[in-house]
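To start, the structure under review is shown below, and the notes come after it.
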């Protein structure tokens, strides 16, 4: 979001009831009733820690989003941010082949942040957790300097079989995706251009990603050899599989035509292709499968081959190297 128009004090910091007017117990009294109970939750939030039934193998992952860096309040509501930060964590659990079971949520905020924004944020958290059958296990609250708002989520998951790693792709495998490509990045571009209504499904995907959570365990049971979620772009994330597995992934450009066509009328062909290849925050699942093994809902978009003597592990597009590979948090490319 480095090119986004920024507001120092947006609607979330003006009007309503500021957090500084409540103590922590009062704020938690507003928050906890909104969260769904969890089937695996033995001790609910309220003690020093929650207690959760777990399997022999538990998946753990975490993500943090920051106002002005990961979202603007002019574009996204509190509920949008609650939905998004949970969904992106649950996608990581699914990408390991697991089933999400619980989340821990931390809010670090300027005391001028409004209670109304927080309660809207909690509603978004509760909605996505309820839909996924996930318990909110607790978390933390902290104040922050003026203008600072950060939300961090740690997700836990149950793993019933072996984890699906990035390092398992083998020559002869098929590269496949479950879900859309490029929509979230297209939505970001339209928000930056003040034209969110030109493709509402794209701006909605940017605000509220919908990872195919059930497809992760399905892929694991169906023989997936490697898997991850598309958080930083097809090329960047595909490159991670290639390097971890020491193989070459070769994308079939013709297989991506429907994704490009869905965006081209609004963005133009060049930007549409860039969204599909390099756009992040989609949180679809990318995986490799042995040839002839492709579970329902997955579509082939490329192949896996061995690394030749004169090349390094990489992801190619139609046999060619593409240098622009997607979002990097620190290089901002």
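Things to note:
- Residue within region 39-61 that is at pLDDT below 65 and either at negative phi or in a loop (DSSP other than H, G, I, E, B) (or both) present: yes
- Extreme residue, nearest to residue 178 (Cα to Cα), among residues of region 291-308 that are within 23 Å of the chain's Cα centre (by Cα) and in a strand (DSSP E or B): 299
- Checked against the criteria, residue 91 counts as at pLDDT 65 or above, touching a strand residue (DSSP E or B) at 6+ places or on another chain (Cβ under 7 Å), closer than 26 Å to residue 214 by Cα and in a helix (DSSP H, G or I).
- Note on region 96-138: residues that are over 21 Å from residue 158 (Cβ atoms) and assigned to a strand (DSSP E or B) amount to 5.
The values are calculated or read from the model by the stated rules, or taken from the named source; none is laboratory data. These numbers were taken from a predicted model, which means no experiment stands behind them. Neighbour counts run over all protein chains shown; Cβ positions are idealised from the backbone, glycine included.
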